[in-house]
Every structure is written in structure tokens, then in C-alpha cells.
Amino acid sequence: MSLADPTSDTTPFFSDDSEAEGSEEPGAGPSQRREEEEPASGVSSLRAVFTVIVLCFINLLNYMDRFTVAGVLPDIEQYFGINDGKSGLLQTVFICSYMFLAPVFGYLGDRYNRKMIMSVGISFWSIVTLASSYTPKEYFWLLLLTRGLVGVGEASYSTIAPTIIADLYIKERRTQMLSVFYFAIPVGSGLGYIVGSKVDDLAGDWHWALRVTPALGLVAVVLLLFVVKEPKRGAIEARPEHTLQRTSWLGDMKALCRNPSFVLSTFGFTAVAFVTGSLALWAPAFLFRAAVFTEGRPPCVKGPCDTSDSLYFGIITVVSGILGVASGAEVSRRLRLRTPRADPLVCALGLLLSAPFLYLAIVFAQASPIATYVFIFLGETFLSMNWAIVADILLYVVVPTRRSTAEAFQIVLSHLLGDAGSPYLIGVVSDSLKQTDSYLWQFRSLQLSLLTCSFVAVGGGAFFLATALFIEKDRQRATNYAPTASIQQHYSEDYTQQ
């Protein structure tokens, strides 16, 4: 298989050729049979379904691994003897690595075989994750380094996988498949907390929690190599990539920056990343401190620590995520019958509704644990409404040959201003607000710093409302896009030289 050939595939399983055997009609020419048997994407409907299933499985593993650390954070803090600021660095280092490498993989994903890029990246991610579980307690910096390298594998996958789904399906079917794909975010995140906390309890050692996803990652690589087939870019939209002349990376970026819907929705998604990044790392630790302060639970002086809050938070994340993604997609589908601006309006609604519930969850933590969990459930449900919709917005306001670059740009900006810094920021603010090192101020300082999330969510809602003003025009522009003759000539010469 040639890495530079985006449509080459030697996969023996679920082969389109084998599915077509015995179905030829006498007298039909080869071109006529191929036209009847092979979809425009070059991937059969059955294999397309299996492709989405494999991509969903890998996405689930990505988020499981990302939040396993948060599920055992009290143990990690006790083991290395670190404060809130250094704890926040675990997530920040990973996100920074992931963020800065995303443009590289976005560039490669628009030009080379996406399946091979993902296979190499996921293999690297699995090996590094396993290595991180053997970090000695005197070398916290080494754990930071390995968590940063994990971002290499995730960047290779997250920027590319949605574009493969976009090249397999269109319109409502694409939205449905993206919804299934993005179910893996809340489900995988929740399973990260659940698996991390339970493995920690069973093994009596938090290191084993980091050894679950690497084994599953190698299984994912095998499935990716032998099940997934690379579809033809843009062909499913009756606009194959050879009719959409590729532009330079700089040309792609200029076009994206002139796309108001893409830019504004990216800023809206940045607010989502800020809030989810903060809650993902700090919510279990905050709930644990609330229980120590209000319920008299024993503090974590020596591991293993009580991880029941991580387990409960993980269950809430799974259920609220499934409900939020499904309800967001369904509300958007119904609202599209009334207005073409449905998608950004639903995203705005989700963020604006999540803000008060997250605020109440943080405030009620010291008064009623049950009320706190209820408000967290409602806040996370509304927050999850936009996951699939934001991805769909990007795919239909950006032309096919720029989608991986657009995915990468959105990842960079949303993480740079969102969850790359928010866990560390929340930790630093928490440390600065502590007046003493008592259990009261360990809880109170983190509570005050987490209140920031509610106000950021309101700002994100405003960006999505602004997106609604431009969405219809930008969608039509992307649908009717055709490069000028001068651009076609320039870039055909450029690719000839390459």
C-alpha cells in the first residue's frame, strides 16, 4: 500500500470485490458493472458500517485513556506528593502536545492515506501509555513527558476519523453516523473514570489503571488495518477530490479564516472544551474533598484512596453523554424542518442551559451531595448536546479537500484557549485562594475556582448564536464552491512539481 495514495487498500476482509462476485449480469461491460456495484466512495454499504464501528471503538478508547488519570487523581497526588497546580499539568501537557501536533496530522490527512497515519499513531499511543504506568515516584516529570507523548497518537486520530465518516455518508445519514461516533466521547470519558477507579480498587495500585487501554489499543490497530477501507475524498458528494483542486496550506488557512461560521463555531466549541476539560480533571477530586469536609470521610493520606466519587461521576458522564448527544441530534433534526439555522441554535441552547446547572452543582456540594449529582447530570446532559452537531457544522461549511486541516485548526484553537490551560488554571487559582492547608480550604478554594466554568459556558452560547447569523450563507458557499481558473492552473502546476 502506498502511503501517498489515499485510495489504495489491500484489506482482505469485507472486500468489495468479494461482495460483488456472482452478481454480474451477462453482457454487462466492466465499467457498467463497476458503476452498479461500487458506491461513489469506493466502499460498500456493509463495509462502511463496519468502518464506523471500528472508528467509534477507537474514539472510545481515546477518551477512556484520557480520563483514566482523572479517575485516580487523588492516588496520583498522594503517590507523587504534588499540589493542585502540578496535578492540572497532567491534563495540560497532554492537551498541548495533542493541540500542536493536530495541524501536522491535519495536513497529512488531507494529502496521504488516512488509515495508515491513524494506524501508526494509535500504535505509538498504546506503547507510550503502557510505559507511563511504570513511572517511579521520584520522577513526576517523566509521567508528564509520557502523558505529553500520548497526545501524538490522539492527534493522529481525532483530526482524521471524522473526515472518513464524511466521505462515507451525506446529509441526514452523515449526521446520524457522526452522532454515533461522538457517543464515544461521553461514554469513553465515563468508562475512563469507572475502569480507572475499579481497577485501582481491585489491584490496590493506580498504575494498573493505565495498563488497560494499551492492550485494547493494539486490538484497535488490527481492526483498523483489516476492516477499514480508505474512501475517496468528496466522491460521495458527487464532487470527487480531483475536481476540487487542492490549495496550499496557507491558502487553506486563509479560506478558513474568512469563513465566519467555522470561526465562530470554533470559538463556541472552545468554551465547551474549557468547561469539559476543567470538570473532567477536577470534578471527582472536588466531590471527594466535599465528602471529606462535609461528611467526615477519611482524607487520602496513604493510597489506595477512596475512588467512589470517580465511579459515580463516570456513570453520570456516560448516561448524560448518551442522552445529551442523542437529544441534541434529534432536536436539531426536527428544528431543521423550520429553520436552516437549527444547528448553531441548538448548540447555543445546550451551553446556555448547562451554565446554571453547573453553577448550582458547585454551590450545593457542601449542602447536599444528592442535589450536586443531580445538577451535574443535568449540566453535563445539556453540555453534551453539541458534540455531533459542531462536527457536522464544520463538515458542511468546509469543502472536502480542506476538512482535515479545518479539523486540526479547530482542535488547536479550542484546546489552546480551552482545555489545554483550563485544568492547570483551575489548579493554580485553587492554590492561590487557599488561606490555610486545612480540609476546609482545600475544598473551598477548588469550589470557587470551578465557578469560572459557568460563565465560560454563557460566553460559548453567545458565539453559537452569532454563528446562526452566517450559517446559511456559508453552507451554500461551500456547496457551490468551485476554484477559479487561475487557482486551478496555479495548483495543478504546484502538484505537477510535487
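The values are calculated or read from the model by the stated rules, or taken from the named source; none is laboratory data. Values in this document were obtained by computation on a predicted structure and should not be read as measured data. As a convention, Cβ positions derive from the backbone with ideal geometry for all residues, glycine included, and neighbour counts pool all protein chains shown. Quick note on the areas: whole protein, heavy atoms, side chains included, nothing else; ligands and nucleic acids left out. Shrake-Rupley method; radii C 1.70, N 1.55, O 1.52, S 1.80 Å.
If I go through segment 164-187 residue by residue, how many of them are touching a Leu at 6+ places or on another chain (Cβ under 9 Å), of a type outside the set (Val, Ile, Thr) and closer than 18 Å to Arg114 by Cα?
4
What residue, of Leu358, Leu395, is touching a Lys or Arg at 6+ places or on another chain (Cβ under 8 Å), under 22 Å from Ala326 (Cα atoms), of a type outside the set (Lys, Arg) and in contact (Cβ under 8 Å) with a residue 60 or more places away in the chain?
Matching residue, one of Leu358, Leu395: Leu395.
Among the listed residues Thr175, Thr163, which satisfies the condition of being of a type outside the set (Phe, Trp, Tyr), touching a residue at least 60 places away in the same chain (Cβ under 8 Å) and open to solvent by 10 Å² or more (accessible area, probe 1.4 Å)?
Sole residue among the options that is of a type outside the set (Phe, Trp, Tyr), touching a residue at least 60 places away in the same chain (Cβ under 8 Å) and open to solvent by 10 Å² or more (accessible area, probe 1.4 Å): Thr175.
Go through segment 221-238 and give me each residue that's touching a Leu at 6+ places or on another chain (Cβ under 9 Å) and either at pLDDT 90 or above or not in a helix (DSSP H, G or I) (or both).
Result: Val228, Pro231, Arg233, Gly234.
Hey, among the residues in segment 332-349 that are part of a helix (DSSP H, G or I), closer than 19 Å to Gly460 by Cα and touching a residue at least 40 places away in the same chain (Cβ under 8 Å), which one's most open to solvent (accessible area, probe 1.4 Å)? Write out each step before concluding.
Here is the first cut: in segment 332-349, the residues part of a helix (DSSP H, G or I) are 332-335, 342-349.
After this cut, where a residue has to be closer than 19 Å to Gly460 by Cα as well, the list is 332, 342-349.
Imposing the further condition that a residue be touching a residue at least 40 places away in the same chain (Cβ under 8 Å) reduces the set to 332, 343-349.
Values: Ser332: 2, Asp343: 2, Pro344: 0, Leu345: 64, Val346: 3, Cys347: 0, Ala348: 2, Leu349: 84 Å².
My answer is Leu349.
So, in segment 414-446, exactly how many residues are open to solvent by less than 10 Å² (accessible area, probe 1.4 Å), closer than 30 Å to Pro369 by Cβ and part of a helix (DSSP H, G or I)?
Adding up the residues that qualify gives 8.
Would you call Lys137 in contact (Cβ under 8 Å) with a residue 12 or more places away in the chain, open to solvent by 30 Å² or more (accessible area, probe 1.4 Å) and not in a helix (DSSP H, G or I)?
So Lys137 passes the test.
How many of the residues making up segment 387-413 are in a helix (DSSP H, G or I), modelled with pLDDT of 85 or more and open to solvent by less than 20 Å² (accessible area, probe 1.4 Å)?
Result for segment 387-413: 7.
Take the residues in segment 248-288 that are farther than 23 Å from Asp343 by Cβ and open to solvent by 30 Å² or more (accessible area, probe 1.4 Å), then tell me which one is modelled with the lowest pLDDT.
Residue satisfying both the conditions and the ranking: Trp249.
Working only within segment 356-386, note down all residues that are buried (at least 24 other Cβ atoms within 10 Å of the Cβ) and not β-branched (Val, Ile, Thr).
Leu358, Ala361, Ala365, Gly379, Glu380, Phe382, Leu383, Ser384, Met385, Asn386
Within segment 76-102, which residues are at pLDDT below 80, crowded, with 20+ Cβ neighbours inside 10 Å and either polar (S, T, N, Q) or under 30 Å from Val227 (Cβ atoms) (or both)?
Ser87, Gln91, Thr92, Ile95, Tyr98, Met99, Ala102
Quick one: would you say Thr436 is at pLDDT 85 or above, β-branched (Val, Ile, Thr) and under 21 Å from Ala285 (Cβ atoms)?
no
Which condition from (1) crowded, with 24+ Cβ neighbours inside 10 Å; (2) charged (D, E, K, R); (3) out of contact with any Lys or Arg (no Cβ under 8 Å at 6 or more places or on another chain) is the one that Arg211 breaks?
Of (1) crowded, with 24+ Cβ neighbours inside 10 Å; (2) charged (D, E, K, R); (3) out of contact with any Lys or Arg (no Cβ under 8 Å at 6 or more places or on another chain), only one is false for Arg211: (1).
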